[in-house]
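Just below is one structure, and these are the notes that go with it.
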Amino acid sequence: MDIRRPNDSELEKIILLSPQALFDGTLGEVSSTIDKVRSLIEPLLKKGSYYLIAIEEGKLMGWILIGASRDQFTDKTNGFIYELFVLEEFRGNGVSKQLMKTAIDELRQHGYSEVRLSAYAGNQAIKLYEKMGFNIRAVSMSLPL
């Protein structure tokens, strides 16, 4: 497995698959369109965020979107993992873990002293994040009305 930045055609494939990634990552709560995905991703890419892809034998296995985020309370800038997605056929083979390790290493090399991420409660990836040393630092709650 090779982990690297995507070329233009690979980036377009990521965008085409991102509605499914958003649906899966929100546990089916959010259905999205490619236009909505572009409106979410393009500002991040313009600010310097970028994707890393896992690829093997020319097949895209998954990706991670990393960049910077400013803490609204402290104004400190941290490394941030915006998205992690592995195509269903490649799940359970350590792809997520390798993408996470590579992303964390890159964010460390960019000088960040902390990496943050957000995940929907119940998302299976939370187990991986905890195994990698991530701790819960905030809880978002909702009350349906």
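Could you pull out the residue among Ser113, Ser49 that is hydroxyl-bearing (Ser, Thr, Tyr) and over 23 Å from Thr26 (Cα atoms)? Step through it out loud before you land on a result.
On the way: Ser49 fails: over 23 Å from Thr26 (Cα atoms).
Answer to the selection: Ser113.
Run down Ser18, Ser32 and say which single residue is small (Gly, Ala, Ser), within 14 Å of Val86 (Cα to Cα), out of contact with any strand residue (DSSP E or B) (no Cβ under 6 Å at 6 or more places or on another chain) and surrounded by 14 or more Cβ atoms within 10 Å (Cβ to Cβ).
So the residue among Ser18, Ser32 that is small (Gly, Ala, Ser), within 14 Å of Val86 (Cα to Cα), out of contact with any strand residue (DSSP E or B) (no Cβ under 6 Å at 6 or more places or on another chain) and surrounded by 14 or more Cβ atoms within 10 Å (Cβ to Cβ) is Ser18.
Do the conditions hold for Phe90, that is, is it crowded, with 17+ Cβ neighbours inside 10 Å and over 14 Å from the mean Cα position of the chain (by Cα)? Give the derivation first.
Values: crowded, with 17+ Cβ neighbours inside 10 Å: yes; over 14 Å from the mean Cα position of the chain (by Cα): yes.
Answer is yes for this residue.
Based on this model, can you work out whether Tyr112 counts as of a type in the set (Phe, Trp, Tyr), within 23 Å of Ile41 (Cβ to Cβ) and modelled with pLDDT of 95 or more? Break it down stepwise before answering.
On the way: of a type in the set (Phe, Trp, Tyr): yes; within 23 Å of Ile41 (Cβ to Cβ): yes; modelled with pLDDT of 95 or more: yes.
In short, yes.
Condition check ((1) over 18 Å from Glu106 (Cα atoms); (2) more than 13 Å from the chain's Cα centre (by Cα); (3) aliphatic (A, V, I, L, M)) across all residues:
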position: Leu52; (1), (2), (3): no, no, yes
position: Gly67; (1), (2), (3): no, no, no
position: Phe73; (1), (2), (3): yes, yes, no
position: Ile81; (1), (2), (3): no, no, yes
position: Leu84; (1), (2), (3): no, no, yes
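Suppose we filter Phe80, Phe134, Phe73 for residues that are more than 23 Å from Glu56 (Cα to Cα), open to solvent by 70 Å² or more (accessible area, probe 1.4 Å) and not aliphatic (A, V, I, L, M); which single one remains? Even if it seems obvious, please write down each step before you answer.
Values: Phe80 fails: open to solvent by 70 Å² or more (accessible area, probe 1.4 Å); Phe134 fails: open to solvent by 70 Å² or more (accessible area, probe 1.4 Å).
After ruling out the rest, the residue left standing is Phe73.
The values are calculated or read from the model by the stated rules, or taken from the named source; none is laboratory data. Everything numeric in this text was worked out from a predicted model, so none of it was measured. So basically every Cβ, Gly included, is an ideal-geometry build from the backbone, and we count neighbours across all protein chains shown. Please note that ligands, DNA and RNA were not included when accessible areas were found on the heavy atoms of the full protein model with its side chains. Shrake-Rupley method; radii C 1.70, N 1.55, O 1.52, S 1.80 Å.
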